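**Student:** Pasting a structure below so you can have a look.
The values are calculated or read from the model by the stated rules, or taken from the named source; none is laboratory data. The structure presented is a predicted model; accordingly, all values stated were derived computationally and were not measured. So basically every Cβ, Gly included, is an ideal-geometry build from the backbone, and we count neighbours across all protein chains shown.
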Amino acid sequence: MQATVQGFEAKGFSREEGVTMLKRSVEIAREAREIYHDRCTKDSSDFVRNERFRKRPILIAASVGSYGAYLADGSEYV
């Protein structure tokens, strides 16, 4: 699934609402990363003993998709 400001606007949301929803999706991903990190490191002696694991970042990836993907009529994949 792809989400864009233009797509939200096409569904009746304001530009500001679209931007807010996209920003919120990043916040949710960050929250999930923190939960994952906390659960993986809690009571983990391997994690505490191995400095390599301690310093390894947990990244969040995003994709802008195909050019014109917000059109959502299939033409973006032609």
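**Student:** Just a yes or no: is a residue in segment 44-61 part of a loop (DSSP other than H, G, I, E, B), surrounded by 10 or more Cβ atoms within 10 Å (Cβ to Cβ), at pLDDT below 90 and of a type in the set (A, V, I, L, M)?
**Tutor:** yes
**Student:** State which residue pairs qualify: first residue within 11 Å of Ile60 (Cβ to Cβ) and inside segment 12-34, second residue of a type in the set (Gly, Ala, Ser) and surrounded by 11 or more Cβ atoms within 10 Å (Cβ to Cβ) in any location, beta carbons under 9 Å apart, and separation of 6 or more residues or different chains.
**Tutor:** Once the first residue is within 11 Å of Ile60 (Cβ to Cβ) and sits in segment 12-34, its partners that are of a type in the set (Gly, Ala, Ser) and surrounded by 11 or more Cβ atoms within 10 Å (Cβ to Cβ) give Ser25/Ala3.
**Student:** Test Glu16 against the stated conditions and say whether it is part of a helix (DSSP H, G or I), of a type in the set (Asp, Glu) and either touching a strand residue (DSSP E or B) at 6+ places or on another chain (Cβ under 9 Å) or at pLDDT 90 or above (or both).
**Tutor:** Yes, satisfied.
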